[in-house]
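Written out below as structure tokens is the structure these notes cover.
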Amino acid sequence: MKVILLTEVPGKGGEGDVVEVARGFFNNYLGPQKKAVLATAGNLKQLEQRRGNIAKREEKRIADAEALKASLEGKKVFVDAKVGEEGVLFGSVTAAMIADAVKAETGVEIDRKRLDIRKAIKTAGAHTVALNIYRDIHVDLQLTVGAEVAEEETEEVEAVETEAVEAEATEEVAE
């Protein structure tokens, strides 16, 4: 059955597209969610009148997506996770954890549902995760998981311990 999409539907099309879908898909999902209407003569006529507005919104969405891609491209994101022996995580890194880390480090809020994690991230170190921003606009996020903080904390602790030892040695010499 032919329908007119009112919003973007992944795998089917974007706003204003006339697509062929199964009757059950329309009756059970697209119709009740108000994501599509039947492609009747009247609805097609209304669509033609709205084409200009749809094109403007589409241009704005694409421009926003490109700006987001430019702001995230080449950025390295650190995800804090508990790391056990041999660099294995307790659990795995979730999409929500990645979205929170991106927001904390770049100030950009992303939808966790648009992250494409191919396989579970269960080891510390560098990983790459794809972010599907809008339709064909994607960016690869460079993640560093867990180990970097452990190394930095170890260096900081060693520095503090070294300062404490030097301070004690200075006090002993002064006495």
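Largest first and in whole Å, what are the equivalent-ellipsoid semi-axes of the stretch 70-136 based on the Cα gyration tensor, each being the root of 5 times an eigenvalue? Don't skip to the end; give the middle numbers.
Working: eigenvalues 97, 33, 22 Å².
Square roots of five times the eigenvalues give 22, 13, 10 Å.
How charged is the neighbourhood of residue 91? Take every other residue with its Cβ under 12 Å from the Cβ of residue 91, and add Lys/Arg as +1 and Asp/Glu as -1. Can you show the working numbers first?
On the way: positive: 82, 122; negative: none.
Net of charged neighbours comes to +2.
Compute the Cα gyration tensor for the stretch 4-106, then decide on rounded, prolate or oblate, letting a ≥ b ≥ c be the square roots of its eigenvalues: rounded whenever a/c is under 1.5, prolate when a/b is larger than b/c in the other cases, and oblate in all that remain. Before the final figure, lay out each step's value.
Details: a/c = 4.80, a/b = 2.01, b/c = 2.39.
Oblate.
For residue 94, what residues show an amide H to amide H distance below 5 Å, using hydrogens built from the backbone and excluding near sequence neighbours?
none
Applying the Karplus parametrisation 6.51 cos²θ - 1.76 cosθ + 1.60 with θ = phi - 60° to the phi angles of the stretch 81-87, what ³J(HN,Hα) value in whole Hz is obtained for each residue in order, glycine and proline being reported as x?
8, 6, 10, x, 5, 6, x
Can you list residues from other chains, or at least 5 along the same chain, whose modelled amide H is less than 5 Å from the amide H of residue 8?
Counting only residues 5 or more places away or on other chains, the set is 15.
Laboratory data are not the source of any read-out in this text; all were calculated from the coordinates shown. These figures come from a predicted structure and were not determined experimentally. Cβ coordinates were reconstructed from backbone atoms using ideal geometry, including for glycine residues, and neighbour counts include every protein chain displayed.
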